[in-house]
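First the structure, in the form of structure tokens, and then the observations on it.
Each reported figure results from applying straightforward, stated rules to the coordinates on display, with no laboratory input. This structure is a prediction, so every number in the text was calculated from the model and none was measured. Cβ atoms come from the backbone with ideal geometry, glycine included; neighbour counts cover every protein chain shown.
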Amino acid sequence: MNANEIIRNIEAAELKSEVTEFAVGDTVKVYGRIVEGNRTRTQVFEGTVIKRQGGSNRETFTVRKSSNGVGVEKTWPLHSPNVEKIEVVRKGKVRRAKLFYLRELTGKKAKVKERI
């Protein structure tokens, strides 16, 4: 066995068995586990997926929301144990793989059309 096969086997063991199907432009709720001292709690982060990148167990996705008029982006590893679940709120209709143009837009212009 060479080094690449060993690494591939280790990474395959880290993958989650079931991952929610979502795409760029979708509005999602990410349930993230937060550790504060010796207590853990779940915090929900709801926003639009502006990018998905990587593959295998290194895959990440970035979610953007507007909080009190300030744009907040958070990048999550898809197969992290700290991501409890991902819930798709609405499907977005987009023609891009990365939605970085949403960073310059505010208000209603920053909305993504819904796919029916």
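Of all the criteria given as (1) of a type in the set (S, T, N, Q); (2) within 30 Å of Ile7 (Cα to Cα); (3) out of contact with any helix residue (DSSP H, G or I) (no Cβ under 6 Å at 6 or more places or on another chain); (4) free of Cβ contacts under 8 Å to residues at least 60 places away in the same chain, the one not satisfied by Ser67 is (2).
Under the condition of being basic (Lys, Arg) and touching a residue at least 40 places away in the same chain (Cβ under 8 Å), the residues counted in the stretch 25-43 number 2. Taking the listed residues Gly47, Gly32, Gly25, Gly55, the one that is over 22 Å from Gly107 (Cα atoms) and either touching a Cys at 6+ places or on another chain (Cβ under 7 Å) or crowded, with 16+ Cβ neighbours inside 10 Å (or both) is Gly32, with no other qualifying.
Within the stretch 94-108, the set of residues being part of a loop (DSSP other than H, G, I, E, B) and under 12 Å from Lys51 (Cα atoms) comprises Val94, Arg96, Ala97, Lys98, Leu99.
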